[in-house]
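The values are calculated or read from the model by the stated rules, or taken from the named source; none is laboratory data. These numbers were taken from a predicted model, which means no experiment stands behind them. Here the Cβ is made from the backbone with ideal geometry for all residues, glycine too, and neighbour counts use every protein chain on show.
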Amino acid sequence: MSSVEEIKSNLKALNAEYAKIKTLLKEERKSFGEELNKRRRKLQAELQVAMDAAEAENIEPIDITAPSAPNAKIPEIKQGSRHPLMTELERVLDIYSHMGFDVMEARQLDDEFHMFEALNFPEGHPARDGYDTFRTSEGFIPPAHTSTMQHRALKRYKKDLENGGKIAVVIPGRVFRNEDVDATHEHTFYQCEGVFVGKNVNMGQMLGVLKNFFDTYYGQNLNIKTQPGYFPFTEPSVELLIEKPKSLGGKGDGWLEMLGCGMIHPNVLKMAGINPDEYQGFAWGGGIDRLVMLKYGLSDVRYFESGKLDFLKEF
């Protein structure tokens, strides 16, 4: 096979012959020109074949399974890790599941009925002012608490009560607040709601469930106590405090407020079609971010949403 340069030289010589056409007799020009064109097309085809062959000879074999371009420095492949909130949320749900609770996922967009009316916040109720949150142009609300799911949970599992059973469900979800962000406050964080309803249910059972959860989560026997609280959807309402765990240097000399809880208000049960004279229940809700911060001694809640790789690598 002729080389690329040889064929290019032949083409150049052939192009020079086109100048002879004007020196020929009129009846000779046509046949002469046709012959030149035929030779030119042949040389152009040979040139293309030669160029493709030359290019193929210079191509290095490529390993298509390689993670980067050939001859490039292959970077160290590092595997990512789960976000600490997701890891700990799974742990939280696992503990409640072992206590017999079902898991129901919360929504990230809801309406005023489930945010307020279904939870004993009637129109104009002053407690609504404490839930200043975002709204979409269509009137939907990114929920400020996972309690927006209580009404749905009561209605979904109501048949269990009618069949002689109980309602026992936990509801993890993302919530959104109109907050001034600082080291201990975020506008976006995770909560876990709990709902338990049955016959002859009392606060002693509620405190037993919550103590068992915190004992298991922090891996030690913790004292608990309550202090008065107020939530329109529970009555009575309390705030639960636990003894400062050993993971934070606790020696029985400090208390940490962990969540709000109480007996489900009769009006909330009625809204779901449950007779409060026959059934009682309790509910609670607490932040997952705070739970994890205390477990690992973290000082700034903003790290969870920051995307700081140095922070995430620690987990």
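Of all residues in segment 30-56, none that is in the same structural domain as residue 8 (by TED's automatic domain parsing) has its Cβ atom under 6 Å from the Cβ atom of a residue that is small (Gly, Ala, Ser), 6 or more apart or on another chain. Taking the criterion of being within 30 Å of the chain's Cα centre (by Cα), farther than 19 Å from residue 114 by Cα and not aliphatic (A, V, I, L, M), would at least one residue in segment 226-241 satisfy it? Yes, there is a match, as at least one residue in segment 226-241 is within 30 Å of the chain's Cα centre (by Cα), farther than 19 Å from residue 114 by Cα and not aliphatic (A, V, I, L, M).
Screening 244, 211 for residues that are at pLDDT 95 or above and either crowded, with 19+ Cβ neighbours inside 10 Å or in contact with a Leu (Cβ under 8 Å, 6 or more places away or on another chain) (or both) leaves exactly one candidate, 211.
Count of segment 173-202 residues, restricted to those that are more than 24 Å from residue 283 (Cβ to Cβ) and part of a strand (DSSP E or B), is 1. Among the conditions (1) exposed (fewer than 13 other Cβ atoms within 10 Å of the Cβ); (2) in contact with a Leu (Cβ under 6 Å, 6 or more places away or on another chain), the only one that residue 162 does not satisfy is (2).
Kindly indicate which of 294, 312 is closer than 22 Å to residue 215 by Cα and either modelled with pLDDT under 85 or not in a helix (DSSP H, G or I) (or both).
Values: 312 fails: closer than 22 Å to residue 215 by Cα.
One residue alone meets the criteria, 294.
With the structure loaded, tell me whether residue 209 is under 26 Å from residue 143 (Cβ atoms) and not in a helix (DSSP H, G or I) or whether it fails that test. The answer is no for residue 209. One residue stands out among those in segment 117-134 that are closer than 19 Å to residue 186 by Cβ and part of a loop (DSSP other than H, G, I, E, B): the one that is modelled with the lowest pLDDT, which is 132. When segment 272-291 is limited to residues that are in contact with a Leu (Cβ under 8 Å, 6 or more places away or on another chain) and part of a helix (DSSP H, G or I), the one that is nearest to residue 94 (Cα to Cα) turns out to be 288.
Is it the case that residue 263 is of a type in the set (A, V, I, L, M), surrounded by fewer than 16 Cβ atoms within 10 Å (Cβ to Cβ) and assigned by TED's automatic domain parsing to the domain that holds residue 148?
Details: of a type in the set (A, V, I, L, M): yes; surrounded by fewer than 16 Cβ atoms within 10 Å (Cβ to Cβ): no; assigned by TED's automatic domain parsing to the domain that holds residue 148: yes.
No: the conditions fail for residue 263.
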